[in-house]
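Some notes on the structure that comes next.
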Amino acid sequence: MAVAISALLAGCATGRAFARGEAAGQAGDWESAVGFYRQALQNDPDRPDYKIALERAMVAAANMYIERGRQFEASNQPDEALRAYRKAQEFEPSNRQLAAKAADLERTLRDRQEAASPRPEMEKLRQQARRSVEPVLSPTNPEPLLINFVNTGLRDILTFIGNYSGINVTFDRDFQDRSITLKLEGVSLEQGLQQIMIANQLFYKVLNERTIIVAADSTQKRTQYEEQVIRTFFISHADATELSQLLVGLIRVAGQAIQPQIVANKTANTLTIRATAPVVQIAERIIDANDKPRAEVMVDVQILEVSRERAKRYGLDLGSYSASLVFSPEAAPSADSKPFNLNTISTGVSTADFYLAVPSAVVRFLESDSQTKVLAKPNLRGTEGQKLSLNLGEDVPVPSTTFTPLAAGGASANPLTSYGYRTIGIIVDMTPTRVTYEGDIILDITIENSARGQDTNIAGQNLPSFFSRKVQTKLRLRDGESNLLAGLLREDERRSLTGFPGVMRLPIVKQLFSNNDNNIKQTDIVMLLTPRIIRTHELKASDLSPIYIGTQSNMSLGGPPPVIGGAEPEPPPPVTPGVAPSPAA
């Protein structure tokens, strides 16, 4: 009778939850409808109409929050729009476009926050140092050159250009004059001087804003006229020794008149460079492009202990949630594969070794279940390449005995017992090995679930025993993408004997007057990992642009070489069906 009454009450509760879900859906409150449908499906998971109603409500709830996000974007409220898109992701986690939209919006907000934050004092000092550079030419006449010389001496041509532009041109005492033919139209003073210098193996040095000196382009003359500078670069994020090796391979090349000297200070993490001013400017661009902070990641970890029977009913029976399976026994599957994956199994495959990635909505099923225990919900934050550890357990003392002889050559031995500690429980070690520039997070994860077993009697002494399950895997997740791991099983066996006191202990009649009950309870450790990028590598547009450094013998910062460009051809007119195009005239 009691069982019948309980079943009747459960059925009534299930019906009421479903009816409330229907009413909430008709009222447009799809989020509440999802909660009621979940409750009904938990009470009766075999009802297909409940599953269909839940799936329909989840799609409607996702669309509702997507529309809210668009409205917030239109009203210039990016924070509220991001919250709406994140909420929509909870109901529709397989929507890649929605995930990309939320990630782009989060990246925009992060860039705005970084741009609005005050610049550090070191950045201001660096900008002041860039202003104090060597003198540059400042001609009085900035008009482009328009000249045409036939069989005219170089000295006369350069003197004319100097008079036209309003600068003084002096010549080295070893300058050798010769006649050339030259035509320049519509080029600047700098471009005209560069063309003349390169064509005639000359170079010029700026003495002040109105004067240059011209000499032959040789190692001796460059050593004589090119001034060297010493500059110290204070490295904030990269390793000075590694940067020193990088610069040696890039700017110390054969053919240079003055080879740069690069010294790294490991203690202060600085680089001191002695070279010509153009080479130091090139080194500055290279250092600025490589001295970037490591990305910072925060991983939201949620660990649940669920009943294996309930997990099979709610968490692992995912046919209605479009989950799929990828078997990858040797290597982790690619990032674009579907949610399931199996890790490397060295001793064979069993159902206890399944590692699943499922929609985060399933986690809410498990959390709301009465037999689910939330073990921990920490947030682990660290930089790229840093190991993050989570230890949920205890240290158990383990005795260790060694035997030492009492005397040399004697048979007797003296036992010495020492105690060590072994950590049991749930141990999670994860390392965000790489945060890609596209916003993906690569995680190396090691998960161990260990517990103490029954004591073992050895030589009259009870010694502890342990059992452990350990898995190592590598995941590639997008920013804010959740991954659920399951399969770390634990079995607890309980034996109970009930019957009449005294009689149930008798060897023969105890089978008639007692009852043996063996109960095996299997629990599963379910872990939800959600990595989020807190700080990026702080790349700039100049970091992606090429650096033009001139020729091997004359290195200096410059722009890209000119190319021949023309107007793009106009597309042909559209052809009307049934009408032949007219031939070209």
For residue 254 and residue 151, FRET efficiency with R0 = 56 Å and r from the beta-carbon atoms, rounded to 0.05?
0.90
Hey, what did region 131-224 get for relative contact order, percent, Cα under 8 Å, at least 6 apart?
36 percent
Quick one: if you stick a label point 7 Å off each Cα along the C-beta vector at residue 470 and residue 223, how many nm between them?
6.3 nm
Extending each Cα 7 Å along its Cβ direction at residue 160 and residue 462, get the distance between those two points in nm, one decimal.
10.9 nm
Full-extension gain between residue 190 and residue 534, please, as 0.36 nm times their residue separation minus the C-alpha to C-alpha distance.
119.2 nm
Alpha carbons only, please: Rg and Dmax for region 8-116, in angstrom.
17.2, 62
Could you state the per residue volume, in Å³, of the convex hull enclosing the Cα atoms of region 131-224?
100 Å³
Quick one: which of 144-151, 551-558 comes out on top by average Cβ neighbours within 10 Å, and what's the full order, highest first?
551-558, 144-151
What is the distance, in nm, between label points placed 7 Å from the Cα along the Cα-to-Cβ direction at residue 59 and at residue 246?
5.0 nm
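Bear in mind these aren't lab numbers, they're just calculated from the coordinates by the rules spelled out. Nothing here was measured: the structure is a model prediction, and the numbers come from that model. Because the Cβ atoms are built from the backbone with ideal geometry, glycine has one as well, and the counts that use them run over all protein chains shown.
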